[in-house]
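Input: a single structure, listed below in structure tokens.
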Amino acid sequence: MQVSIACTDHNLKRGNGEHSKQNATSPNVVNQARAKFRTVAIIARSFGSFTPRHISLKESTGKHTGMKYSGSQRFFLSLSAGTWVTFGGQISDEVAEQLMTMAYESGVNLFDTAEVYAGGRRSSLVITTKLYWGGKAETERGLSRKHIIEEIVRAMTYVINQGMAMYWGTSRWTAMEIMEAYSVARQFNLIPPVCEQAEYHLFQREKVEIQLPELYHKIGVGAMTWSPLACGIITGKYENGIPESSRASMKSYQWLKEKIVSEDGRKQQAKLKELNHITEKLGCTLPQLAVAWCLRNEGVSSVLLGTSNPEQLTENLGAIQVLPKMTSHIVSEIDHILANRPYTKKDYRS
């Protein structure tokens, strides 16, 4: 269970006390801190200081680029930039800054970070971060899920009321947990979550297409989806094996390599080949088709992109031009090839 917050750099303070003083001189701590907040520094250098004010979406750079923004006041974009693996790991600070500048100038106005990856503001940007990856400390045991969720809702309400964030959402929560958080907020006059971060791509569909739509229609919780290219699987670069410079070649991604070379992985690559005639028909690349396919879902407020070079970013942003071509006929063709569309009880009844 993780909590996501969309925050500003207003009222941010450095930690103090003996614990901070003791760790201040440790080289490892210093290096970790630099990595954690690298993205914040990049944004500060690129875009200047934060000035809190309310702006119209029409003021965004995206009005010149074709970027489509959500009509809801809670969400600001259709494509956003993720920093999970590439920032602080696969690419240098200079390339990261170049990518973020390109993304911003192309209309991307949300940058997703977390305290466990390389770090994360300005009035025309939305910076998200995440808290809590789970743990085994004594203080984390013994509480019921109901009490934990209530504490989270109260904490996030406090953070927002103190001006440290604008909204809060959830990451990898179940629909039941999100509904419980909403009920707690209603019961105690607190602030409910406005979005859920969920994995969503051509081969991972059930949660976003079956579980979350009910929340979207009932309480307005949107989906901020991640991994639209399934960790690079949908790019086609693994069609003939594992390239040396790919993510699957990294030691920490042995699980991805095993997934790609498995029988299911080979079947996925075969299905991707079948999609080539659709990409040729639409005049786009496979990654552009995959991202546009995610965007066509009405409950998806934003699709998080992860890129490691300017060429990838430019290609992925091209999905905006493909989105109008995602007709019901094209979507049906894709469903027929993938043969993995999840069905609701309503579908079975009809």
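The values are calculated or read from the model by the stated rules, or taken from the named source; none is laboratory data. Computed from a predicted model, the values in this text were never measured in an experiment. FYI the Cβ positions are ideal-geometry reconstructions off the backbone, even for glycines, and counts take in every protein chain you see. Surface areas here come from the heavy atoms of the whole protein model, side chains and all, with no ligands, DNA or RNA. Shrake-Rupley method; radii C 1.70, N 1.55, O 1.52, S 1.80 Å.
A single member of Glu206, Glu244, Glu239, Glu214 is modelled with pLDDT of 95 or more, open to solvent by 30 Å² or more (accessible area, probe 1.4 Å) and of a type outside the set (A, V, I, L, M, F, W, C), and it is Glu206.
Out of Glu315, Glu333, Glu280, report the one residue that is among the acidic types (Asp, Glu) and open to solvent by 80 Å² or more (accessible area, probe 1.4 Å).
On the way: Glu315 fails: open to solvent by 80 Å² or more (accessible area, probe 1.4 Å); Glu333 fails: open to solvent by 80 Å² or more (accessible area, probe 1.4 Å).
Being among the acidic types (Asp, Glu) and open to solvent by 80 Å² or more (accessible area, probe 1.4 Å) holds for just one of Glu315, Glu333, Glu280, which is Glu280.
Just one of the numbered conditions (1) under 30 Å from His217 (Cβ atoms); (2) under 19 Å from the mean Cα position of the chain (by Cα); (3) of a type outside the set (Asp, Glu); (4) modelled with pLDDT of 75 or more is not true of Tyr104: (1).
Among (1) buried (at least 20 other Cβ atoms within 10 Å of the Cβ); (2) touching an Asp or Glu at 6+ places or on another chain (Cβ under 8 Å), there is one condition Met156 misses while meeting the rest; what is its number? Only one criterion in (1) buried (at least 20 other Cβ atoms within 10 Å of the Cβ); (2) touching an Asp or Glu at 6+ places or on another chain (Cβ under 8 Å) is unmet by Met156, namely (2).
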